[in-house]
Amino acid sequence: MAATGSEHMEVSTKGMQAYRAPSLLQPHKARRALQDAYEGRIGPLIGFYLALPTVLTARVAAQLGADFVWVDWEHSSCGVETMTNVVHSIQEASEGRTMAFVRLPGHDHADIAFALDAGASIVIPQVDTVEQAKHVTSAAKFGQRSRGSRSAPPARWLPGLLGSTVVDGSRSLWENLNDQAAVIIQIESELGVKNLDAILTSVGDQIDAVWVGTLDLRVSMGLDGMWGEEPEFQNAIQLYEDTLRKHNKPNSGQCFNENWPLGINKSFTVVAGDFLAFLSQRDTIQSARQNLPAWDKRQKRTPAKQNGNGLDVESHMSN
């Protein structure tokens, strides 16, 4: 990756627009943004989790002020075309102030290319071994110099059009794209935690951050919930964090429900999401059941009237 630039100096006014590429059809300079966050030149990258990705939800999420929107392709039913349109909607509706990160369904070479071709950075789930890490990082890069096996899409960034304008004119489009899109791997099993040192020793230069998936990690250990104080789980977390420090690699993970201590050591964190917005309405529904009893229990009340703004105005009448 190229030397540190001056993008971080404009983040306070431009957000992630400071790291946008010449075209929103390309990935942002996400690798540089992650490194700037890790080295303290900017704050941690704050994200919104899009668990139910559609073009409409993406357009809303893109305008919430997050640094990135995490598109969960792994656990949603959207296809390649929808995923691509969701990525475009995020980057276009935010005018580049928000980046798209796609969590892939797995390690398939074609899926990695589809997400990167759409203009997103990527999150690769369930990386357990050195062999898996070599495969996914190779699929994400162009050219043997980068140990890459990614195929160049002939009609994605056509020569002479804005989409093919490069960040650094001294290098090819493909070299530029290699340096723009970030690759984050998820460690989600006890095996992955134990192999992380070997993974980062082998291909750490191709990995921009690591995310510990605590839910799947705990499932792999026969434990319930997303967090716990069990000694074996805490030992796994300690080994994970020690390994990141050894390799000077950014940590990432979720920080939901304003549990800020969880995010204190992370350079890339998801703090809100569409599914949380749905869950927040559960109490309203329960309150409605308690406060809107059956009609025969409120015989002395007339049906609610509405004022000119459509707001309910109760009219109480005595018999």
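In the chain, the longest principal axis of the Cα atoms and the axis of helix 80-93 are about 80 degrees apart. Computed with a 1.4 Å probe over protein heavy atoms only, the accessible area of Lys134 comes to about 110 Å². Enclosing the Cα atoms of the chain in their convex hull gives a volume equal to 181 cubic angstrom per residue.
Stretched out straight at 0.36 nm per residue, the stretch from Leu191 to Gln234 would grow longer than its current Cα-Cα span by 14.0 nm.
Summary: within the chain, the longest segment free of GluC sites (Glu not before Pro) located in DSSP loops with at most 10 other C-beta atoms within 10 Å is 1-228. Extension gain for Thr201 to Asn85 (0.36 nm times residue separation, less C-alpha to C-alpha distance): 38.2 nm.
With bins 5 Å wide beginning at 0, the percent of Cα pairs of segment 15-87 falling in each bin runs 3, 15, 23, 23, 20, 11, 4, 1. Rg then Dmax, both in Å and based on the Cα atoms of segment 159-304: 23.9, 80. Couplings for segment 46-58, taken from phi via the Karplus curve 6.51 cos²θ - 1.76 cosθ + 1.60 with θ = phi - 60°, read 9, x, 10, 8, 9, 7, 10, x, 9, 4, 5, 5, 5 Hz in order; Gly and Pro are left as x. Per-residue 3J(HN,Hα) values for segment 102-114, derived from phi via the Karplus relation 6.51 cos²θ - 1.76 cosθ + 1.60 with θ = phi - 60°, read 10, 7, 6, x, x, 10, 4, 4, 5, 5, 4, 5, 4 Hz in sequence order (x marks Gly and Pro).
Taking the C-alpha atoms only, the angle from helix 282-291 to the longest principal axis of the chain is near 0 degrees.
What angle, in degrees between 0 and 90 and rounded to the nearest 10, separates the Cα long axis of helix 231-247 from the longest principal axis of the Cα atoms of the chain? Here the helix axis deviates by roughly 50 degrees.
How many angstrom lie between the C-alpha centres of segment 164-193 and segment 100-134? Result: 11 Å between the Cα centres.
Any chance you could check the Cα centroid distance between segment 23-47 and segment 252-296 for me, in angstrom? For segment 23-47 versus segment 252-296, the Cα centre distance is 27 Å.
For the chain, the relative contact order is 17 percent, taking Cα pairs closer than 8 Å that sit 6 or more residues apart in sequence and dividing their mean separation by the residue count. Solvent exposure of the chain amounts to 50 Å² per residue of accessible area, where only protein heavy atoms count and the probe is 1.4 Å.
Taking 19 Å as the cut-off, the amide N atoms of segment 222-248 that come nearer than this to a point 7 Å along the Cα-to-beta-carbon line of Glu39 belong to 245-248.
In terms of accessible area, using a 1.4 Å probe and ignoring ligands and nucleic acids, Lys141, Lys194 rank largest first as Lys194, Lys141. Fully extending the segment from Thr129 to Leu292, taken as 0.36 nm per residue of separation minus the present Cα-Cα distance, adds 53.1 nm.
For Ala51, the residues 5 or more places off, or on other chains, whose built amide H falls under 5 Å of its own are Asp274, Phe275. Across the alpha-carbon set of segment 157-235, the Rg to Rh ratio works out to 1.23, Rh being the Kirkwood radius. The heavy atoms of Ile264 present about 150 square angstrom of accessible area, all protein chains included, probe 1.4 Å. Each listed q (0.16, 0.18, 0.19 Å⁻¹) maps to a log10 I(q)/I(0) for segment 87-173, found by the Debye formula over equal Cα scatterers with no solvent: -0.74, -0.91, -0.99.
The values are calculated or read from the model by the stated rules, or taken from the named source; none is laboratory data. Since this is a predicted model, take the numbers as computed values, not measurements. Don't worry about glycine lacking a Cβ; one is built from the backbone with ideal geometry, like all the others, and counts go over all protein chains shown. Each accessible area value is taken on the protein alone, full model and side chains, heavy atoms only, with ligands, DNA and RNA left out. Shrake-Rupley method; radii C 1.70, N 1.55, O 1.52, S 1.80 Å.
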